[in-house]
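One structure is given here, and the rest of the page talks about it.
The values are calculated or read from the model by the stated rules, or taken from the named source; none is laboratory data. Bear in mind the structure is a predicted one, so any value in this text is a computation, not a measurement. Note that we place each Cβ from the backbone using ideal geometry, even for glycine, and neighbour counts take in every protein chain shown. Each accessible area value is taken on the protein alone, full model and side chains, heavy atoms only, with ligands, DNA and RNA left out. Shrake-Rupley method; radii C 1.70, N 1.55, O 1.52, S 1.80 Å.
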Amino acid sequence: MIDLIDVTAGYRNRPIIKNFSLRLERGNFVVLIGPNGAGKSTLLRVMAGLLPINRGMRHLDGKDYERYSRRLFSQRVTYLPQDRNLSLPYTAGEIVLFGAYARHGLWETLGESEQRRAREALKQVGAAALFDRPVTELSGGERQRVLLARSLFAGGETYLLDEPTAELDPVEEERVMHTFQGLSRKGACVVMALHDLSLAARYGNQLVLLGKTGAIAAGRPAEVLAAGVLSRAYGVPLQVERSEGFIITRSEER
């Protein structure tokens, strides 16, 4: 479980997250939504322990982040950043296997069981055929699935994913969302930043809406995806229709 308590953090003395509190419990599927620049990626970096906080507290299972070594923390929390540069000529399988090093160390030889797990992780995201392909030859969407497979392979109790469906087609999107939803139902905590509000509503059981002035709302999709709340966060008039799901459109200005 991750606890953020009255956290303020940012870059070069410019706070992006201000006086923010949130408890992330196992079994939850939490989606961060909001406009560009609202702080979704910053918040994920704070949760991942990669960005210092200016004030407040952050705990993992009741212990301050500072009490964990980077390796031990990485065994518990898996983070997929938005920057997904893969310029070195490793194969997709090798990239996935890199996810084992938090547990095994850089110099330990990985056996056949790890190879099988890596193949299974690629299969989960529909990329089994890519195992022996150099990542430099892959499309953006294929690289994205390889990195998602690495996150699955790395495992842990909490997954922090920044725009994990970027560059994926609708079928691949649904596969990825369904896979991580399955992990949350088995007891993992999944936190991801998304721009697609309808996708967030279908899969997240808790949404956190960030605006340019800070956190706007947090709660179940029906509570957060209200026209007035969204309009305040995005700074434009929005309307929400709900039939089989949420349909969010910009209102006609009068």
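Based on what the data block shows, is Arg202 under 22 Å from Asp162 (Cβ atoms) and either modelled with pLDDT of 80 or more or among the charged types (D, E, K, R) (or both)? For Arg202, the condition - under 22 Å from Asp162 (Cβ atoms) and either modelled with pLDDT of 80 or more or among the charged types (D, E, K, R) (or both) - is met.
Suppose we filter Ile5, Ile17 for residues that are surrounded by fewer than 20 Cβ atoms within 10 Å (Cβ to Cβ), part of a strand (DSSP E or B) and of a type in the set (Val, Ile, Thr); which single one remains?
Criteria check complete, one pass: Ile5.
What are the residue pairs meeting all of these: first residue in the stretch 31-46, first residue open to solvent by 10 Å² or more (accessible area, probe 1.4 Å), second residue part of a helix (DSSP H, G or I) and modelled with pLDDT under 95, Cβ atoms under 6 Å, and 6 or more apart or on different chains? Pairs found: Pro35/Tyr234. Of everything listed in (1) more than 21 Å from Leu152 (Cβ to Cβ); (2) modelled with pLDDT of 95 or more, the single unmet condition for Met47 is (1).
Restricting attention to the stretch 50-72, does a residue exist that is part of a helix (DSSP H, G or I), under 17 Å from Leu161 (Cβ atoms) and of a type in the set (Phe, Trp, Tyr)? Spell out the reasoning first.
First, the residues of the stretch 50-72 that are part of a helix (DSSP H, G or I): 65-67, 70-72.
Right, trim to under 17 Å from Leu161 (Cβ atoms) and you get none.
No, every residue in the stretch 50-72 fails to be part of a helix (DSSP H, G or I), under 17 Å from Leu161 (Cβ atoms) and of a type in the set (Phe, Trp, Tyr).
Residues of the stretch 56-65 that are touching a strand residue (DSSP E or B) at 6+ places or on another chain (Cβ under 9 Å) and open to solvent by 30 Å² or more (accessible area, probe 1.4 Å): Gly56, Met57, His59, Asp61, Gly62, Asp64. Out of all the residues in the stretch 202-220, is one or more in a helix (DSSP H, G or I), open to solvent by 20 Å² or more (accessible area, probe 1.4 Å) and in contact (Cβ under 8 Å) with a residue 60 or more places away in the chain? Checked against the condition, which is being in a helix (DSSP H, G or I), open to solvent by 20 Å² or more (accessible area, probe 1.4 Å) and in contact (Cβ under 8 Å) with a residue 60 or more places away in the chain, the stretch 202-220 yields at least one hit. Taken together, the residues in the stretch 156-170 that are open to solvent by 10 Å² or more (accessible area, probe 1.4 Å) and part of a loop (DSSP other than H, G, I, E, B) amount to 8. Consider the stretch 221-254 and keep the residues that are among the polar types (S, T, N, Q) and modelled with pLDDT of 75 or more. The one that is least open to solvent (accessible area, probe 1.4 Å) is Ser231.
Residues in the stretch 102-115: is at least one of a type outside the set (S, T, N, Q), modelled with pLDDT of 85 or more and open to solvent by 60 Å² or more (accessible area, probe 1.4 Å)? The answer is no, given that none of the residues of the stretch 102-115 is of a type outside the set (S, T, N, Q), modelled with pLDDT of 85 or more and open to solvent by 60 Å² or more (accessible area, probe 1.4 Å). Within the stretch 91-119, residues that are in a loop (DSSP other than H, G, I, E, B) sit with their Cβ atoms under 9 Å from residues that are modelled with pLDDT of 85 or more and buried (at least 18 other Cβ atoms within 10 Å of the Cβ), at 6+ positions apart or across chains, in these pairs: Leu110/Leu97; Leu110/Ala118.
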